[in-house]
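What follows is a set of notes on a single structure, which appears directly below.
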């Protein structure tokens, strides 16, 4: 999940222990949040936190934890 703006590591508690990485791209300063989101309710909660803090969501990518090979 990429948000606009730069957040320090002290914000990780707000985002349920996700790792925060600062970056700069075409949107300027951004923060990449990476971590396990257990279900849609948890995702909704994270999105509500972003909304409440006024932090624009730039992108959201689903990554596989244990990709399986196709047979």
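The values are calculated or read from the model by the stated rules, or taken from the named source; none is laboratory data. Since we're looking at a predicted model, the values are computed, not measured. We place every Cβ from the backbone using ideal geometry, glycine too, and count neighbours over all the protein chains shown.
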| Subset tally (residues that are more than 16 Å from residue 61 (Cα to Cα) and outside any loop (DSSP other than H, G, I, E, B)) for segment 24-42 | 5
| field | Only listed residue being at pLDDT 90 or above and exposed (fewer than 10 other Cβ atoms within 10 Å of the Cβ), chosen from 45, 54, 17 | value | 54
